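Engineer: Next up is a structure, given as structure tokens.
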Amino acid sequence: MLVNALRARQSKKKKQMAFNIKKVRPLFTGIITTATTYKGEVKTNGGIILDTRKMDGSLNPYQTVVEVGNMVREVKPGDIVKINFKRYEKARHLPGAIDEAENKQFDNLSIGVEIPSIVINDTEYLFIQVNDIEYVVEDYDVDSGGLLQ
């Protein structure tokens, strides 16, 4: 009976916590950016078609800043920044591959990226720190192949 009461209380808490975040102000050196991903092919202004299908769905390192914390000085909302994802890389061990010739099993290591994110008005944004930014893009050509978009 105690277990049922505890489960009811936990499910009630979950229902109470459902809300839609409208606006967020990051603290200190926190930065909120867009979470743009690669999609399909990209055509450069020189006519070269870049096949980004292998990267389809992965995060673009160039993102637009949405909000900044009160200690951030060099970056402002609207800036396009290059994010270094190195700090967020996580190694995952997938099921091993088997070399049938020697009947040995090998470790299948995969590197994934786990960046903190937040959903604001049903749109996902990245939540990073100022030291994750490599540089701010000062000037660029809109037809640069879509890598900055």
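Engineer: Against the definition (outside any loop (DSSP other than H, G, I, E, B), in contact with a Gly (Cβ under 7 Å, 6 or more places away or on another chain) and at pLDDT 85 or above), how does Val42 come out, yes or no?
Structural biologist: On the way: outside any loop (DSSP other than H, G, I, E, B): yes; in contact with a Gly (Cβ under 7 Å, 6 or more places away or on another chain): yes; at pLDDT 85 or above: no.
No: the conditions fail for Val42.
Engineer: Being not hydrophobic (A, V, I, L, M, F, W, C) and not in a strand (DSSP E or B) is the filter; apply it to the range 124-142 and report the residue that is surrounded by the most Cβ atoms within 10 Å (Cβ to Cβ). Reasoning before the result, please.
Structural biologist: Filtering the range 124-142 down to residues not hydrophobic (A, V, I, L, M, F, W, C) leaves 124-125, 129, 131-132, 134-135, 138-141.
Checking the rest, the ones that are also not in a strand (DSSP E or B) come to 131-132, 138-141.
Numbers: Asn131: 10, Asp132: 19, Glu138: 7, Asp139: 4, Tyr140: 12, Asp141: 9.
Top of the filtered list is Asp132.
The values are calculated or read from the model by the stated rules, or taken from the named source; none is laboratory data. Predicted model, so just to flag it, every value in this text is computed and none were measured. Cβ atoms come from the backbone with ideal geometry, glycine included; neighbour counts cover every protein chain shown.
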